[in-house]
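Below is one structure; the comments refer to it alone.
Derivation of every value follows stated rules applied to the coordinates shown; laboratory data play no part. What you see is a predicted model, and the numbers here were worked out from it, not measured in a lab. Every residue, glycine as well, gets a Cβ built from its backbone with ideal geometry; the counts of neighbours run over all protein chains shown.
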Amino acid sequence: MKHYIITGASKGIGAALVNLLAGKDTHLHTIARSSHADILQQAVDQGAEISSYSCDLSDTSETLPTIGSILQNIQADQHLDEVVLINNAGLVQPVGPSGQLDPLEIEKSLHVNLTSPLQLTNEFLSLTKEMDCKKTIINISSGAGKSPFDGWSTYCTSKAGLDLFTRSVGIEQDRLATNTTIVSFSPGIVDTPMQEEIRSESKENFVNVETFQHYKDQNKLSHPETVAASIQNLLQDSNLQNGGLYDVTDYL
Ligand SMILES: NC(=O)c1ccc[n+]([C@@H]2O[C@H](COP(=O)([O-])OP(=O)(O)OC[C@H]3O[C@@H](n4cnc5c(N)ncnc54)[C@H](OP(=O)(O)O)[C@@H]3O)[C@@H](O)[C@H]2O)c1
């Protein structure tokens with residue numbers, strides 16, 4: 001059985017991943033705050049086993065028991081082929097120049113985008129140690145982790161941190177010979193609810209808002225399904241570089 005743990009499974013890229021990865025001999029463990037029953041029903045119809053968790057990843061007291069239950073469930077499987085953690089949940093807020101942001105929103109953003117993937121990875125590595133199968137962690141990053149954007153200082157910081165975390169843990173896993181590969185993956189600009197949020201920002205908060213509106217008008221956004229397919233191709237690459245930073249275009 002292949003086990004996929006997918007955070008942010010209720011919308012956008014996460015929902016597309018659930019749909020694409022669902023099949024016979026797969027067990028999907030989904031995490032989000034909101035209900036995503038329709039997405040899960042489709043996955044069941046495609047033959048997948050599903051365990052769905054309602055969890056606010058900005059709250060450590062919810063995150064740790066959730067990932068603990070998931071990994072306990074996976075440990076009970078006598079026919080493990082592969083275990084994959086996809087740290088996909090994220091938020092672009094708070095948007096605006098530093099000096100005008102809500103401090104609690106800064107804290108929440110860093111917690112969901114950075115702290116929770118670090119915590120989930122830590123638990124994953126600890127509780128899969130004895131599993132003798134292929135293990136992969138994919139951290140969904142962004143071009144915003146590689147270049148600065150006016151108005152996205154918190155988001156850029158969180159994704160840059162996620163990339164350096166990935167590179168550091170990749171070195172560790174190679175040295176420890178754990179049979180675990182961790183990579184970072186930038187999906188490009190994707191037609192999801194997050195992009196709707198970006199397009200609805202004021203120009204005062206986000207000076208590039210018109211550029212993003214034009215991307216939509218000119219049909220330049222990728223479909224979430226295309227990104228999910230690229231991630232599926234990446235998972236089939238047996239030559240992944242541990243700690244590597246990959247982009248959607250690498251696997252189209
Ligand atoms: N869309 C793009 O153009 C783009 C570009 C580069 C990178 N990315 C990255 O790709 C990933 C997915 O983005 P997307 O565009 O699909 O975003 P999205 O449409 O806004 O979906 C975000 C997902 O994250 C979940 N989430 C947010 N806050 C959460 C919390 N506190 N606890 C648990 N789950 C939470 C949401 O679920 P609930 O609301 O149900 O909790 C939702 O399922 C993100 O990491 C994003 O930074 C996206």
Residues of the range 88-102 being within 8 Å of the ligand (Cβ to nearest atom) and among the β-branched types (Val, Ile, Thr), which ones? Val92
Kindly indicate which of Ser116, Ser52 is of a type outside the set (A, V, I, L, M), within 24 Å of Val190 (Cα to Cα) and crowded, with 17+ Cβ neighbours inside 10 Å. Ser116
Give the residue, chosen from Ser147, Ser109, that is more than 18 Å from Lys2 (Cα to Cα) and buried (at least 19 other Cβ atoms within 10 Å of the Cβ). Ser109
In the range 103-132, what count of residues is obtained for those that are more than 13 Å from the ligand (Cβ to nearest atom) and touching a Lys or Arg at 6+ places or on another chain (Cβ under 9 Å)? 3
Can you find a residue that is out of contact with any Leu (no Cβ under 7 Å at 6 or more places or on another chain), among the aliphatic types (A, V, I, L, M) and within 21 Å of Thr128 (Cβ to Cβ) anywhere in the range 10-30? yes
Output yes when any residue across the range 136-152 is within 23 Å of Leu17 (Cα to Cα), aromatic (Phe, Trp, Tyr) and in contact (Cβ under 8 Å) with a residue 60 or more places away in the chain, and no when none is. no
Residue among Ser202, Ser184, Ser238 that is closer than 24 Å to Ala9 by Cα and of a type in the set (Gly, Ala, Ser): Ser184
Per the filter on the range 153-183, residues polar (S, T, N, Q) and within 21 Å of Lys129 (Cα to Cα) are Thr166, Ser168, Gln173, Thr178, Asn179, Thr180, Thr181
Please indicate, with yes or no, whether at least one residue in the range 231-239 is more than 17 Å from the chain's Cα centre (by Cα) and under 30 Å from Gln100 (Cα atoms). no
Can you give me the number of residues within the range 133-158 that are within 15 Å of the ligand (Cβ to nearest atom) and either part of a helix (DSSP H, G or I) or within 15 Å of the chain's Cα centre (by Cα) (or both)? 15
